[in-house]
Amino acid sequence: MATVLFTQNIIACIWDFDKTLIPGYMQSPLFRHYNIDEARSWEETNSLAEHYKQRGYNASGESIYLNHLLSYVRNGPLKGLNNKILQECGKEIEFYEGIPQFFQTLKQLVQSKAEYRKHDISLEHYIVSTGLAEIIRGSLIGKEVEDLWGCEFIENPLPPGFLSQKELLIDGDREISQIGTMIDNTTKTRALFEINKGTNKNPAIDVNANINPEDRRIPFQNMIYIADGPSDIPSFSVVKSNGGKTYAVYKPGSTEEFEQNDRLLQVGRIHAYGQARYTPESNTSMWLQMHVQHICDRIVTDREAAVSKKVSKPPRHLDDENRKPEKQNPSQLEQDSFL
């Protein structure tokens, strides 16, 4: 008997974080916590690639940034930094106007019509960021998302030979010391396919597995990807080329970011752009709500059509009272009169 893995009645809003949901960078509360000059720290980070190149090393931007944070831990400025502190720093993050309320607004929207509820349509929020996952988890938005992808650190890494040890000591004064997960602008696209195929919900589904489009948990046409600029071009391209919607935001009042987003529109990377304001009357809010409704309407249409195609009409009794009497020939009438 033919079956499908998923009903494909889920909509996914997939968000970048820095400069999309918040005005700046999520590391700001961390630097304030340790009294570190943020501007100087980013200046160091941004110059490291060239310094390493001069020494004969090749290093990617994301690995440099994460490793430099670990250097801060080892050398003192971030001494004692652990995942709990990162989550505490997340509580200090200030979001753009309308967040996190807007996340609930979109979820409620897909329940606003009887036909949406009839087909059990739901909406899930995801965050895919090159920032620090623990800071996001500790923020106001952490509980509003279905899942998130971000860079993560390991505390108390297991030592060589740990498989033969019966007991492993856990350092009470733990601090981050290794990179657990690294997300960059290219590997963000892997997260999109994990959402698409349902890998994040069912570990038995490998992200590299060949899965028919109709068997994927959230088809790309049910996705909206929201981010702030050129660094998200790989993700914009994947979503848009596969039938999803793409939207770019810019800091209100920033001419430079406005022009940057307009260039993305002109070259076909995005469908639209607007200010990073998520209040009910904002263009961004209205555009996103409109397209969530469009996706809901299409899901309803597709599912109703599928039912109509696969389910035949049952037989019915004829209405004898409304049937037009058949004409009888004269010989038949004469026969009937003798019965």
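So how much slack lies between S177 and M286, counting 0.36 nm per residue of separation and subtracting their Cα-Cα distance, in nm? Don't jump to the answer; show the numbers that get you there.
Numbers: separation 109, 0.36 × 109 = 39.24 nm, distance 4.41 nm.
That works out to 34.8 nm of additional length.
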Q. Quick one: Cα centre-to-centre distance for region 27-48 and region 139-215, in angstrom?
A. 25 Å
Q. What range in the chain is the longest one free of chymotrypsin sites (Phe, Trp or Tyr not before Pro) that are in a loop by DSSP and have at most 11 other Cβ atoms within 10 angstrom?
A. 58-337
Q) When the chain is treated as a GNM, springs tying every alpha-carbon pair under 10 Å, which of D232, D16, D37 comes out with the largest mean-square fluctuation? A) D37
Q.
Give me the base-10 log of I(q)/I(0) for region 103-161 at each q in 0.19, 0.27 Å⁻¹, Debye formula, one uniform scatterer per Cα, rounded to two decimals.
A. -0.77, -1.04
Q: Once you've got the GNM for the chain with C-alpha springs shorter than 10 Å, pick whichever of G56, G142, G80 has the biggest mean-square fluctuation.
A: G56
Q) For the chain, what proportion of DSSP beta bridges, expressed in % and rounded to the nearest 5, is antiparallel? A) 15 percent
Q | Value of [θ]222 nm, deg cm²/dmol, for the chain, DSSP H segments ≥ 4, -39500 (n - 2.57) each, nearest 500 | A | -12000 deg cm²/dmol
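What number results when the radius of gyration of region 1-62, computed over Cα atoms, is divided by 2.2 N^0.38 Å?
Details: Rg = 20.7 Å, N = 62, 2.2 N^0.38 = 10.6 Å.
Compared with the compact-globule rule of thumb, region 1-62 sits at 1.96.
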Q | Cα-projected label distance for F193 with R32, points at 7 Å along beta-carbon direction, nm | A | 4.0 nm
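Distance cut-off 29 Å, Cα to Cα: go down the list K143/K188; K143/K166; K19/K240; K197/K245 and report the pairs above it. Each step should come with its number before you reach the end.
Values: K143/K188 21 Å; K143/K166 37 Å; K19/K240 21 Å; K197/K245 18 Å.
Beyond 29 Å: K143/K166.
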Q. Using the scaling law 2.2 N^0.38 Å as the reference, what is the normalised Cα Rg of region 207-277?
A. 1.25
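Evaluate 2.2 N^0.38 Å with N set to the residue count of region 1-141, then give the Cα radius of gyration divided by it.
Values: Rg = 20.3 Å, N = 141, 2.2 N^0.38 = 14.4 Å.
After normalising by residue count via 2.2 N^0.38 Å, the value is 1.41.
So, R0 is 45 Å and r is the distance between the beta-carbons of T279 and N58; what FRET efficiency does that work out to, to 0.05? Numbers along the way, then the final one.
Numbers: r = 45 Å, r/R0 = 1.00.
It comes out at approximately 0.50.
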Q. What are the radius of gyration and Dmax of the chain, computed over its Cα atoms and given in Å?
A. 28.5, 118
(Q) Relative contact order for region 99-163: what percent, with Cα pairs under 8 Å and sequence separation of 6 or more? (A) 31 percent
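Arrange K91, K19, K201 by Cβ neighbour counts within 10 Å, fewest through most, would you? List each step's numbers first, then the result.
Details: K91 12, K19 20, K201 15.
Fewest-to-most ranking of K91, K19, K201: K91, K201, K19.
Just so you know, all these numbers are worked out from the coordinates, no wet-lab data involved. Remember, predicted model here, so these are calculated numbers, not experimental data. Neighbour counts are summed over all protein chains in view; Cβ atoms, including those assigned to glycine, are modelled from backbone coordinates with ideal geometry.
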